[in-house]
Amino acid sequence: MSATIFQTNMIVNMEIIKITEYLVFVLPDEKEGVKQPPKTKLIAIINKHHNEVIGEIKWFSKWRQYCFYPTNNTIWNKDCLNDVNSVITKLMEERKNTNIHAHTQG
């Protein structure tokens with residue numbers, strides 16, 4: 001699935017990870033000027049009403065887990081934070097399953 005959104009006055013196509021009442025979680029790629037990390041994912045969080053990126057989920061190597069990076073001067077309620085948490089949980093489960101699969105193959 002892909003989405004077309006307006007960002008800085010241009011249309012950008014991105015793969016949708018999840019859509020909630022207020023947020024769209026997308027996986028941007030090089031067409032949007034975002035280079036995905038080789039072993040992890042970078043997820044952009046877009047406000048549905050203003051079509052603006054208001055945060056990211058990306059790997060934090062010191063903690064060895066995905067973390068949420070809100071854009072400056074954004075305010076998040078518990079429902080939106082729960083949506084972020086569910087995406088992080090899914091990413092961590094995928095990573096765990098990928099690592100288990102890689103170790104059993106080797």
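Amide H to amide H under 5 Å from Q36: which residues, 5+ apart in sequence or cross-chain, H placed 1.01 Å off N in plane?
For Q36, the qualifying residues are E30.
Hey, what do the phi angles of the range 46-51 turn into as Karplus ³J(HN,Hα) couplings, whole Hz, using 6.51/-1.76/1.60 and θ = phi - 60°, x for Gly and Pro?
10, 6, 5, 7, 10, 6
Quick one: which residues, 5 or more positions from I54 or on another chain, have an amide H under 5 Å from its amide H? H modelled 1.01 Å from N in the peptide plane, none for Pro or chain starts.
Amide H neighbours of I54, under 5 Å, 5+ apart: I45, I46, N47.
Could you tell me the relative contact order of the range 28-71? Use alpha-carbon pairs under 8 Å, at least six residues apart, and round to a whole percent.
On the way: 60 pairs, mean separation 11.4, N = 44.
Once divided by the residue count of the range 28-71, the mean separation gives 26 percent.
Bear in mind that the values in this text are calculations on the coordinates, not laboratory data. Here the structure is a predicted model, which is why all the values come from computation and not from measurement.
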